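Visitor: Structure incoming, see below.
The values are calculated or read from the model by the stated rules, or taken from the named source; none is laboratory data. All values derive from a computational prediction rather than experimental measurement. Cβ coordinates were reconstructed from backbone atoms using ideal geometry, including for glycine residues, and neighbour counts include every protein chain displayed.
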Amino acid sequence: MDKNNLPKVTIVTPSFNQADFLEETMLSVLNQSYTNIEYIVVDGGSTDGSVDIIKKYEERLAWWISEPDNGQSDAINKGFKGATGQIYNWLNSDDVLYPDAVKVAVHFMQKHPENEVVYGDRVVIDQNSNIVDVFEPLTVTRSSSRFLLRIPQEVTFFTADLWHRVNGLNEELHYVMDSDLWFRFLEETTFFHIPVFMGAYREHEESKSVFGIGRNKNERALEEIRFLKQNYSTYWSGIKLLRKFYKYYAIVRTAYDHNKRKRRLMKEEVRTLTAGNSDSSV
């Protein structure tokens, strides 16, 4: 299909001193099987060689910038302010997309336009790109999100219109800005889960999930977690026993979903869609 007949997808990569991983991240976007991608890199003034990597591929970028910013949320918002796509995604500078991820996301967004957010499954990789875990989330609804809201950010795609309706990321948040965004998205639309692996999240000692809100929580992260609870919790989600029950329910539901005919049909649909790309990891 002609590139001009495909909806443009804008992907923004915020970057700061991640030269060890940045090239792999950028190539995972630049080598997508989907052709109509606008790729933007917003660097926060890195001093570790990241700018040299960006310059290496600058002719394939829509635009890029390297200047001090106010953190990741500020960088992502800055990137999307200069975006012209109809569909958005941001990819952190240590994560990767699988080769057909964008093609699959666009396919299901066009097939189910009532859902302005689609997301896939993720694998977890270490600093050497070895797979160490997987994450297969449930379908998220407004009610279930009050008990458990876990969406793999790097494989989440959403419409530009939705992003602008909620005014993008809250730049006061540095650890839970994606969760805050999902909650605000859920006030506007429904989400669609694509049950295939579409990308990889990299877990290493400098990643926010480890250093900030994982096993090494800092006070800023804890304050932001309290912000989420204050703004999005309900009376029922505040009951510890119910939250514990929902976690067990999610485990059982995941096992059940794996055997559903609808899920198997969607996976086969993706295989058919990506059959022409022998390098696909979706």
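Visitor: When the residues of region 131-145 are filtered to those that are of a type in the set (A, V, I, L, M) and at pLDDT 90 or above, which remaining residue is farthest from MET198 (Cα to Cα)? Reasoning before the result, please.
Guide: Residues of region 131-145 that are of a type in the set (A, V, I, L, M), as a first pass: 131-132, 134, 138, 140.
Now narrow it down to the ones that are at pLDDT 90 or above: 131-132, 134.
Details: ILE131: 14, VAL132: 16, VAL134: 11 Å.
Here the answer is VAL132.
Visitor: To continue, here is another question. When you scan region 71-88, do you find a residue that is on the phi > 0 side of the Ramachandran plot and in a loop (DSSP other than H, G, I, E, B), even just one?
Guide: Yes: one or more hits.
Visitor: So which residues in region 97-116 are surrounded by fewer than 24 Cβ atoms within 10 Å (Cβ to Cβ) and assigned to a strand (DSSP E or B), if there are any at all?
Guide: Those that are surrounded by fewer than 24 Cβ atoms within 10 Å (Cβ to Cβ) and assigned to a strand (DSSP E or B): ASN115, GLU116.
Visitor: When TYR246 is evaluated against the numbered criteria (1) closer than 30 Å to GLU172 by Cβ; (2) at pLDDT 80 or above, which criterion, by number, is the only one it fails?
Guide: (2)
Visitor: While we're looking at this one, here's another question. Any residue that is modelled with pLDDT of 80 or more, polar (S, T, N, Q), under 24 Å from VAL124 (Cα atoms) and touching a Pro at 6+ places or on another chain (Cβ under 9 Å) - is there at least one of those in region 273-281?
Guide: Scanning region 273-281 turns up at least one residue that is modelled with pLDDT of 80 or more, polar (S, T, N, Q), under 24 Å from VAL124 (Cα atoms) and touching a Pro at 6+ places or on another chain (Cβ under 9 Å).
Visitor: For region 117-129, name all the residues that are on the phi < 0 side of the Ramachandran plot and part of a loop (DSSP other than H, G, I, E, B). Give the steps one after another, and end with the answer.
Guide: Of all residues in region 117-129, those on the phi < 0 side of the Ramachandran plot come to 117-128.
Result: ASP126, GLN127, ASN128.
Visitor: For region 24-47, give me each residue that is more than 23 Å from THR84 (Cα to Cα), touching a Phe, Trp or Tyr at 6+ places or on another chain (Cβ under 9 Å) and surrounded by fewer than 18 Cβ atoms within 10 Å (Cβ to Cβ).
Guide: Within region 24-47, GLY45 is the sole residue that qualifies.
Visitor: Regarding THR13, is this residue assigned to a helix (DSSP H, G or I), at pLDDT 95 or above and touching a Ser or Thr at 6+ places or on another chain (Cβ under 7 Å)?
Guide: no
Visitor: Sticking with this structure for a sec: Would you point out the residue of region 246-277, among those that are of a type in the set (S, T, N, Q) and not in a loop (DSSP other than H, G, I, E, B), that is surrounded by the fewest Cβ atoms within 10 Å (Cβ to Cβ)?
Guide: THR272
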